[in-house]
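Structure, as structure tokens:
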Amino acid sequence: MTIRLGLAGTGRIGTSHAEILKALPDVAAVVVTDTDTERARTTATKLGVEFAPDIDALLDSGIGGLVITTATDSHPELITRAVDRGIPVFCEKPVAADIEGTLEVIRHIEGSPIPVQIGFQRRFDAGYRAARAAVASGELGWLHSLRATTLDPAPPPAEYIPRSGGLFRDCGVHDFDIIRWVTGREVTEVFVLGANRGERFFVDAGDVDTAAVAMRMDDGALATVSLGRYNGAGYDVRLEVLGSKGNAIVGLDDRAPLRSVEPDYPASAYPAYPGFMDRFRHAYAEELAIFLDVARGRIENPCSPTDAVEAFYIAEACELSRQERRPVAVDEVRH
């Protein structure tokens, strides 16, 4: 059985998702819309998909699933409207710009049989899956340290930052989610240092462009997360899981933007990843293919808003720690 899919938001990631969806064998049609009507129309023409002038027309177009790639502040309304219409939803993280907005969405859809899958694509990356399997098998022994890194080669557009939710909710939340998912443990406490070394628009938005996060897990293991918007060497996303018997490292491949200055160490012959779309291209395709099965009731939802909110709690605790310059227990921000 084929399915018609709607997509709201035809920016960079939305256009990429539309291309992926169009190529899936069980997709009968893709219908796109955007608040920028001309951009949506141009995208539809370029990709050979259908165009809807607004979200009302999209929801009325007979779609069996909605993919949301719009700005964060529009997510709650789009999720709830689709669920109220009985349309399964895939929404890029986050559910909302803050915890209260996230919980309002969860309360609104609670008890509904209509699935809402949140887009944490790292859960579908082969490396992270292998690390999770290594932890679950016990081959690493007990974990003592985790080190995660998400460093962008260049910042997003200035107009994006005030609507992004900030560095921890927009960027670090991926690391927080994947640390929970790989280890099967919860984060109990965070301490954060933030800095602004780049463009003024981060300061104007009350955000930072660089951060160092120290975290304590519920089993006593320690984790660190490095976040930044100005990593000129390229897009650097890694996770090191260190145990008493061994380790598992994700993202340490020939395209990782790492240059050793040790004598006689050969430099990589491959270019560094320019951004997240290239690094996680296969993971995005995998999670969208899985969404089709979720929408048709074939499999359980791999990442519901209730599951995803745990990463948002950590992000919220990080922002509070940055602002108040103190350790913050994650339980402090739970509602």
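The values are calculated or read from the model by the stated rules, or taken from the named source; none is laboratory data. Everything numeric here is computed off the predicted structure, so don't read it as measured data. Here Cβ is always computed from backbone atoms with ideal geometry, including for glycine, and neighbour counts include all displayed protein chains. When the accessible area is computed, the model is the full protein with side chains, heavy atoms only, and any ligands, DNA or RNA have been set aside. Shrake-Rupley method; radii C 1.70, N 1.55, O 1.52, S 1.80 Å.
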- Note on the structure: Residue count, region 1-58, condition among the charged types (D, E, K, R), touching a residue at least 60 places away in the same chain (Cβ under 8 Å) and open to solvent by 60 Å² or more (accessible area, probe 1.4 Å), comes to 2
- Taking region 136-185 as the region of interest, how many residues are closer than 16 Å to Ala315 by Cα and of a type in the set (Ser, Thr, Tyr)? 3
- Query: Is one or more of the residues making up region 138-149 among the acidic types (Asp, Glu), open to solvent by 40 Å² or more (accessible area, probe 1.4 Å) and either out of contact with any Ser or Thr (no Cβ under 9 Å at 6 or more places or on another chain) or not in a strand (DSSP E or B) (or both)?
  - Reply: yes
- What's the number of the condition Leu227 fails, among (1) more than 18 Å from Arg279 (Cα to Cα); (2) part of a strand (DSSP E or B)? (1)
- Message: I'm checking my understanding of the structure. Among residues of region 71-102 that are open to solvent by 20 Å² or more (accessible area, probe 1.4 Å) and at pLDDT below 95, which one is farthest from Glu159 (Cα to Cα)?
- Response: Glu100
- Scan region 261-277 and give yes if some residue there is out of contact with any Pro (no Cβ under 7 Å at 6 or more places or on another chain), hydrophobic (A, V, I, L, M, F, W, C) and assigned to a helix (DSSP H, G or I), otherwise no. yes
